[in-house]
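Asker: Sharing a structure here in structure tokens format.
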Amino acid sequence: MTDNSQFHAASALVQAAHTVSVVGHLRPDADAIGSVAATVAALQQLGKDAVGAIGQLDSMPENLYTIPGASNIKFGDSLPESDLIIVVDCGSIERTGAFESIIVNNPDKVLVVDHHATNPGFGAVNLIDVEAESTTTILYDWFDAMSVQITPDIAHGLYAGLLTDTGCFRWGRPVMHDMAKELMEFGLDIRAISSALLDQTSVDDLRLVGQIVSRIELREAGPYTLAVLVADFDTINGRSRAVVEGLIEMVRAVEGADFGAVFKEYERGVYTVSLRSSNLSVASLAVHLGGGGHIPAAGYTARGTEIEALDTLIEATVTLGESLRSSAHVDV
Ligand code: 5GP
Ligand code: MN
């Protein structure tokens, strides 16, 4: 839980700063971009010189540009010099990508706002609430504590993170609906927001989904069964990243499987792996493999051939065995 003293400490850092950089995670999702865009807008309202940044050279899926302010976020490997760095939705420092060393070398300047169960708290002040459905949920409360006026643009960014990180309100606390209601009162077109973030597709996208999903496999791993999708480099290179990122939703709860995994080979020999489960702590599995995340939704990066990447996951699942059940009842 984030309490008032942490909000005060975070607000004091903002008050003392003139220039602020707001950093979201690599391969950003709607919670990362919604959090960065809403925070930059809130800080500008408070008279700060604020910029948003993502520490990668590649851009992001087109649909995330529908979040107001997203097109002003800088993608690259240089972070502007600033008095304060606010790191949002990053479960670990590595998730800040090219900005990792700047953040490691300036711990006093860093404020972390996050909801990942595996976040070690790497800032001078940490607003971490593992019960929060999204990072934007924490920001909403913090903005209120700082008397930020919520504008339709800020509401849009906050709602984008809430909508997507709750799997369209399929999990979360009752308070998520209060927040959705309050944000809707700023006139959000929730149909258009959902359509842009979740539903938009094309014939080409559907063919890509079909190509990958038709190769789904169930694999045994110790006491568990795993549903696996492999999005190999030659299939996904140059195709829609949003489609590839959406594949994991299809293997979250496959009949007969305890968890789902998608291996995304965006770079030859490098697999970005997404894990989801309704029964097991895939966060433990991801941490064991050098990544992190939430108990039911986590990820990591694997290198090697497809067979090696899959074998590594199966071996880790066998090694962790029954312990994967232990903390899996926690709902986030
Ligand atoms: P996704 O599968 O959507 O990429 O990620 C699921 C969750 O796990 C997200 O909350 C994401 O931040 C986290 N996650 C994914 N990959 C990594 C990783 O390599 N390191 C850490 N620390 N967290 C990750
Ligand atoms: Mn998030």
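The values are calculated or read from the model by the stated rules, or taken from the named source; none is laboratory data. Please read these numbers as outputs of a predicted model, since none were measured by experiment. Every residue, glycine as well, gets a Cβ built from its backbone with ideal geometry; the counts of neighbours run over all protein chains shown. The protein model used for the area step is the full one, side chains on, heavy atoms only, and it has no ligands, DNA or RNA in it. Shrake-Rupley method; radii C 1.70, N 1.55, O 1.52, S 1.80 Å.
Asker: Hey, among the residues in region 135-169 that are among the polar types (S, T, N, Q) and within 12 Å of ligand 2 (Cβ to nearest atom), which one's surrounded by the most Cβ atoms within 10 Å (Cβ to Cβ)?
Answerer: 136
Asker: Identify the single condition in (1) among the small types (Gly, Ala, Ser); (2) over 22 Å from the mean Cα position of the chain (by Cα); (3) open to solvent by less than 40 Å² (accessible area, probe 1.4 Å) that residue 187 does not satisfy, given that it satisfies every other one.
Answerer: (3)
Asker: While we're on this one: Considering only region 74-85, I want to know if a residue exists there that is within 16 Å of ligand 2 (Cβ to nearest atom) and modelled with pLDDT of 95 or more.
Answerer: no
Asker: Answer yes if at least one residue in region 137-147 is in contact with a strand residue (DSSP E or B) (Cβ under 9 Å, 6 or more places away or on another chain), within 15 Å of ligand 1 (Cβ to nearest atom) and in the same structural domain as residue 57 (by TED's automatic domain parsing), and no otherwise.
Answerer: Yes, region 137-147 has at least one match.
Asker: Select from region 247-273 the residues that are over 14 Å from residue 303 (Cα atoms) and among the small types (Gly, Ala, Ser) and list them in ascending order.
Answerer: 253, 256, 257, 260, 261 - these are the residues of region 247-273 that are over 14 Å from residue 303 (Cα atoms) and among the small types (Gly, Ala, Ser).
Asker: Exactly one condition in (1) open to solvent by 30 Å² or more (accessible area, probe 1.4 Å); (2) within 16 Å of ligand 1 (Cβ to nearest atom); (3) over 22 Å from residue 11 (Cβ atoms); (4) not in a loop (DSSP other than H, G, I, E, B) is false for residue 99; which is it?
Answerer: Of (1) open to solvent by 30 Å² or more (accessible area, probe 1.4 Å); (2) within 16 Å of ligand 1 (Cβ to nearest atom); (3) over 22 Å from residue 11 (Cβ atoms); (4) not in a loop (DSSP other than H, G, I, E, B), only one is false for residue 99: (1).
Asker: Then there's this: Considering (1) open to solvent by 30 Å² or more (accessible area, probe 1.4 Å); (2) closer than 15 Å to residue 228 by Cβ; (3) touching a helix residue (DSSP H, G or I) at 6+ places or on another chain (Cβ under 8 Å), say which one residue 264 fails and leave the rest.
Answerer: (1)
Asker: Could you tell me whether any residue of region 236-248 is of a type in the set (S, T, N, Q), out of contact with any His (no Cβ under 9 Å at 6 or more places or on another chain) and open to solvent by less than 40 Å² (accessible area, probe 1.4 Å)?
Answerer: Yes, there is a match, as at least one residue in region 236-248 is of a type in the set (S, T, N, Q), out of contact with any His (no Cβ under 9 Å at 6 or more places or on another chain) and open to solvent by less than 40 Å² (accessible area, probe 1.4 Å).
Asker: Still on this structure, please answer the following. State which residue is least open to solvent (accessible area, probe 1.4 Å) when the search covers only region 1-31 and only residues that are of a type in the set (A, V, I, L, M), part of a loop (DSSP other than H, G, I, E, B) and modelled with pLDDT of 95 or more. Step through it out loud before you land on a result.
Answerer: Step one: of region 1-31, the residues of a type in the set (A, V, I, L, M) are 1, 9-10, 12-14, 16-17, 20, 22-23, 26, 30.
Imposing the further condition that a residue be part of a loop (DSSP other than H, G, I, E, B) reduces the set to 1, 17, 26.
In the following step, the residues that additionally are modelled with pLDDT of 95 or more were identified as 17, 26.
Values: 17: 3, 26: 38 Å².
Across region 1-31, the extreme among qualifying residues is 17.
Asker: Let me ask something else. Starting from residues that are of a type outside the set (A, V, I, L, M) and touching a residue at least 40 places away in the same chain (Cβ under 8 Å), keep the ones in region 268-290 and report whichever is farthest from ligand 1 (Cβ to nearest atom).
Answerer: 279
Asker: Would you confirm whether or not region 114-136 contains a residue that is assigned to a helix (DSSP H, G or I), of a type outside the set (Gly, Ala, Ser) and more than 25 Å from residue 192 (Cα to Cα)?
Answerer: Checked region 114-136: no residue is assigned to a helix (DSSP H, G or I), of a type outside the set (Gly, Ala, Ser) and more than 25 Å from residue 192 (Cα to Cα).
Asker: Hey, residue 174 hits all of (1) within 23 Å of the chain's Cα centre (by Cα); (2) under 23 Å from residue 300 (Cβ atoms); (3) surrounded by fewer than 16 Cβ atoms within 10 Å (Cβ to Cβ) but one; which does it fall short on?
Answerer: (2)
Asker: Could you please tell me which pairs satisfy a Cβ distance under 6 Å, a separation of 6+ or placement on different chains, a first residue in region 42-55 that is closer than 19 Å to residue 138 by Cβ, and a second residue that is open to solvent by 60 Å² or more (accessible area, probe 1.4 Å)?
Answerer: 50/44
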